[in-house]
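The structure appears right after this line, and notes come after that.
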Amino acid sequence: MDLFDPAIYTDFLKADHLFICTGTTQAKTPDKEEYYRIEHDLPVQVAEVALHNGVQKVIVISALGANADSKFMYNRGKGEMERDIEKLGFKETYFVQPALIGGEREEQRKFESAWKKFQKLIDPLLIGFLKKYRTIEPETIAQSMIYVAINGYEKSRIESDELKVIASL
């Protein structure tokens, strides 16, 4: 199945809310063009189809530090994706911007595994404005996205520390 072929899902993508939770890693997708297709093109394409089909609200998992002008490929791609989805003109658009996502993975990522161990040590030290860099669990992200879908939120970009507060409501 080719997820880049909108004919596969155009007839089925009808709802009030759209959750976009796609992504990959540079390790899993080393080809930069393919990586960009997954990180940027696919979510934008799905959002376009959904808007055409009458979806009113979109909630997208992006990344902390997303910035279309970033020098870093990852942050730039996420920022460009946010910009391009926002331009589509949904009634409501939200981007959840998690820091490092905790939980288990099917594949082993050496750097990420080492970073997670380090992160466990420093998470308690991240206070004040640094709190947003603490590890966040996938369940917390999902709970906050559901809350935002039902209740809306005052900001369109929601960082990791705010996601934890929202998930507890």
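All of the numbers you see were taken from the coordinates with simple rules; none came from a lab. Nothing here was measured: the structure is a model prediction, and the numbers come from that model. Cβ coordinates were reconstructed from backbone atoms using ideal geometry, including for glycine residues, and neighbour counts include every protein chain displayed.
Table for the structure above
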quantity: Cβ-based charge dipole, the chain, positive-most Cα from 119, 24, 66; calculated: 119
quantity: For the chain, the longest site-free run once GluC sites (Glu not before Pro) in DSSP loop states with at most 15 other Cβ atoms within 10 Å are removed; calculated: 1-103
quantity: In order through region 124-133: 3J(HN,Hα) via Karplus (6.51 cos²θ - 1.76 cosθ + 1.60), integer Hz, x for Gly, Pro; calculated: x, 7, 7, 10, x, 5, 8, 4, 5, 8
quantity: Descending semi-axes in whole angstrom, ellipsoid equivalent of region 6-167, from the Cα gyration tensor; calculated: 26, 20, 14
quantity: Helix-derived mean residue ellipticity, 222 nm - over the chain, DSSP H n ≥ 4, -39500 (n - 2.57), to 500; calculated: -12000 deg cm²/dmol
quantity: Cα-based helix-to-principal-axis angle, 138-151 vs the chain, degrees rounded to 10; calculated: 50 degrees
